[in-house]
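Report on the structure given below.
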Amino acid sequence: MSDSRLLQPAPAPLLTLMDLVVDIPGRGDGAPLNLDIRAGQCWGILGPNGAGKSTLLHTLAGLRPPRRGTIRLQGQPLGQLPRRRVARLLGMVFQDHQDGFPATVLETALIGRHPYLRPWEMESAEDHQAALKALRQVDLAGMETRLIATLSGGERQRLAIATALTQDPRIFLLDEPTNHLDLHHQVAVLDIVRRAVAEGRSAVLTLHDVNLAARYCDHLLLMYPGGEACWGTTREMLVPNALERLYGQALVTGEVEGMPVFFPRTR
Amino acid sequence: MSRPALVLPILLGAAGLSLGIAVALGSVPLTPTETLAVLTGGGEPLHRTLILELRLPRALAAFATGGLLAVAGALMQVLLRNPLADPYVLGLSGGAAVGALLSMLAGLGMAMVSGAAFAGALLSTLIVFGLAHGTGSWTPTRLLLTGVVVAAGWGAFISFLLAISPTTELPGMLYWLMGDLSHAHSPWPAWIVLVVVVLVAMPLGRSLNVLARGPLQAAALGVAVRPLEWTLYGVAALVTATAVTMAGSVGFVGLIVPHMLRLVLGNDQRLILPASALAGGILLTLADTLARTLIAPQQLPVGVITAMLGVPVFLYLLYRSR
């Protein structure tokens, strides 16, 4: 193990996309995606509404089959791995949360331990500790017994992130993680993601805020409305022309603290 | 945290008490000491016959039926992620009723009526879930709507059967439709199904908790959603069919018992499922005792009692909860 790591400077990819075409019903094939997501990388997916960003994340999570191509998770075909194993490696935060029944905040964070527990097993003290720690990380400490129906949109979103943290996966797949969050909590949540990535995990997130993506992601995947896509390091991808074409919106470009910033041009 | 640990022992105690009340009350009321004497192997011969051959089998049948109905409701509510789901809303009991009434019309014996009810419940399940599945995905709303429409169809068929039936058959049919335990003499099949189902469902409890958060979230947390949904559906159909076969259509137990327990205990299925089995059993045992003593020597259909008890209690809990 250690020999091969010495020979290979780049860590083995956690997630490999080979000629991947996602299946968006009623839509033609998009450009096939060929990329490796490695430990320590944070990938941002940018694109206009309806470009298929969420569908791609769901496909990467193994929740829907791709139209073509394959996804490998640590070298093994994703579709052939048991769901329980996948759930220990991939943690997904969804855009919407279905809360059909009443549940408390702590219970909701604790379901993140599900892939680690055997059928008859109850959550242990360590599982509770992990859930409480995750709740502290997202600023929900002290709200453990609150019912989820009483949470605000932003608090519910942070709880979903706490559930994913409790799940403790190698790869985080985050669909609009900053949705409903105020400015402080947007930065706080992305800081959590950055720390997780620094620990050797990886993250793939869809974002609408180009400037946050520029600051937090080291790689970007741009998904155009026509189905084309391009990807690379953030520095390569943040070209004003490309972004203007991506969103169909003229931009004003500036620079703050040595980083490019983009604003929509308004009349 | 101490609440869950206390609930099951309390319910177990209440279950014993409800069975005790059921065997003590009746046209010949017995004192607690007389009842206890019979249950410990002594007592007068008349009391022994009364309890061991008449009241105890019926009380046990009522208990098992109530438990089955409550468990069926609890499972279907998770499957559909809708607190309004229950075997009756989904048309399962309607199918059973049509089967039972058809065999009554044909003049078949009680055993055939039970068999036909069982077949009708399973047929209805197949129709509802088969149609709701269709070509697309299995959305809870579509399933619930299909169930409601199929139930309405069975309802019309039941009215048709009642309209063409000879008047001599009508009272028996109406009693069956309202739920009646006076023909339930062998409680053991229902007990076996109840115990097996609770034992099978308990280890699935945590997966059900996750499924209650939606199928995508459940799949993302490692639940094999499709197999679990089919298991739930099969088990709920079997449980409902067994209950309907025992007692005809008893309404409200499957809807009210899990709902009441959720309001008090939260939504951990590992607790809700066994608690539903016990609380449903208690409710139907007491309801059946009322049904046969309230206007004795005449008997009421037990479904009338569950509805009259269940509706106000449910409305009160709903009103109080917000």
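The values are calculated or read from the model by the stated rules, or taken from the named source; none is laboratory data. In this text, all values refer to a predicted model and were calculated from it rather than measured experimentally. Note: ideal-geometry Cβ built from the backbone for every residue, glycine included; neighbour counts use all protein chains shown. Only protein heavy atoms, including side chains, enter the accessible area calculation; ligands, DNA and RNA are left aside. Shrake-Rupley method; radii C 1.70, N 1.55, O 1.52, S 1.80 Å.
Only helices (runs of 4 or more DSSP H) wholly contained in region A:178-267 count here; list those with 3 or more residues that are farther than 22 Å from residue A:51 by Cβ.
A:183-198
I'd like to know if region B:228-236 contains one or more residues that are under 30 Å from residue B:5 (Cβ atoms), more than 19 Å from the chain's Cα centre (by Cα), surrounded by fewer than 24 Cβ atoms within 10 Å (Cβ to Cβ) and acidic (Asp, Glu). Outline the logic, then answer.
Within region B:228-236, the first condition is being under 30 Å from residue B:5 (Cβ atoms), and the residues that meet it are B:228, B:231-232, B:235-236.
Next cut, more than 19 Å from the chain's Cα centre (by Cα) only: B:228.
From what's left, surrounded by fewer than 24 Cβ atoms within 10 Å (Cβ to Cβ): B:228.
This time we only want the ones that are acidic (Asp, Glu), so: none.
Looking through region B:228-236, none of the residues is under 30 Å from residue B:5 (Cβ atoms), more than 19 Å from the chain's Cα centre (by Cα), surrounded by fewer than 24 Cβ atoms within 10 Å (Cβ to Cβ) and acidic (Asp, Glu).
Out of (1) in contact (Cβ under 8 Å) with a residue 12 or more places away in the chain; (2) over 24 Å from residue A:194 (Cβ atoms); (3) of a type outside the set (Lys, Arg); (4) assigned to a helix (DSSP H, G or I), what's the single condition that is false for residue A:126?
Of the numbered conditions (1) in contact (Cβ under 8 Å) with a residue 12 or more places away in the chain; (2) over 24 Å from residue A:194 (Cβ atoms); (3) of a type outside the set (Lys, Arg); (4) assigned to a helix (DSSP H, G or I), the odd one out for residue A:126 is (1).
Within region B:164-213, considering only helices (runs of 4 or more DSSP H) that don't extend past its boundaries, which have at least 1 residues that are away from chain A (no Cβ under 14 Å)?
Those helices (runs of 4 or more DSSP H) span B:170-178, B:188-201.
Counting just the residues of region A:109-118 that are at the interface with another protein chain (Cβ under 8 Å from one of its Cβ atoms) and within 21 Å of the chain's Cα centre (by Cα), which one comes out farthest from residue A:19 (Cα to Cα)?
The qualifying residue farthest from residue A:19 (Cα to Cα) is A:111.
Mind listing just one residue for me: the one in region A:15-37 that is charged (D, E, K, R) and open to solvent by 60 Å² or more (accessible area, probe 1.4 Å) and, of those, modelled with the highest pLDDT?
Per the stated criteria, the residue is A:19.
Quick check on region A:2-14. Is at least one of its residues of a type in the set (A, V, I, L, M), assigned to a strand (DSSP E or B) and modelled with pLDDT under 95?
Yes, region A:2-14 contains at least one residue that is of a type in the set (A, V, I, L, M), assigned to a strand (DSSP E or B) and modelled with pLDDT under 95.
Just the residues that are more than 8 Å from chain B (Cβ to nearest Cβ) and part of a strand (DSSP E or B), please, taken from region A:74-108.
A:76, A:77, A:93
Just one of the numbered conditions (1) open to solvent by 10 Å² or more (accessible area, probe 1.4 Å); (2) assigned to a helix (DSSP H, G or I) is not true of residue B:29; which one?
That leaves (2) as the condition not met.
Within region A:194-209, take every residue that is out of contact with any helix residue (DSSP H, G or I) (no Cβ under 6 Å at 6 or more places or on another chain) and over 20 Å from residue A:11 (Cα atoms) and give me the one that is most open to solvent (accessible area, probe 1.4 Å).
Ranking the qualifying residues of region A:194-209, first place goes to A:208.
Select, from A:165, A:173, A:147, A:132, the only residue that is open to solvent by less than 20 Å² (accessible area, probe 1.4 Å) and either more than 8 Å from every other protein chain (Cβ to nearest Cβ) or closer than 25 Å to residue B:202 by Cα (or both).
A:173
Which residues, counting only those in region B:95-116, are under 24 Å from residue B:152 (Cβ atoms), open to solvent by 10 Å² or more (accessible area, probe 1.4 Å) and in contact (Cβ under 8 Å) with a residue 24 or more places away in the chain?
Hits for region B:95-116 are B:99, B:102, B:104, B:105.
So, in region A:65-95, how many residues would count as being farther than 23 Å from residue A:30 by Cβ and either among the hydrophobic types (A, V, I, L, M, F, W, C) or open to solvent by 70 Å² or more (accessible area, probe 1.4 Å) (or both)?
The number of residues fulfilling the criteria is 12.
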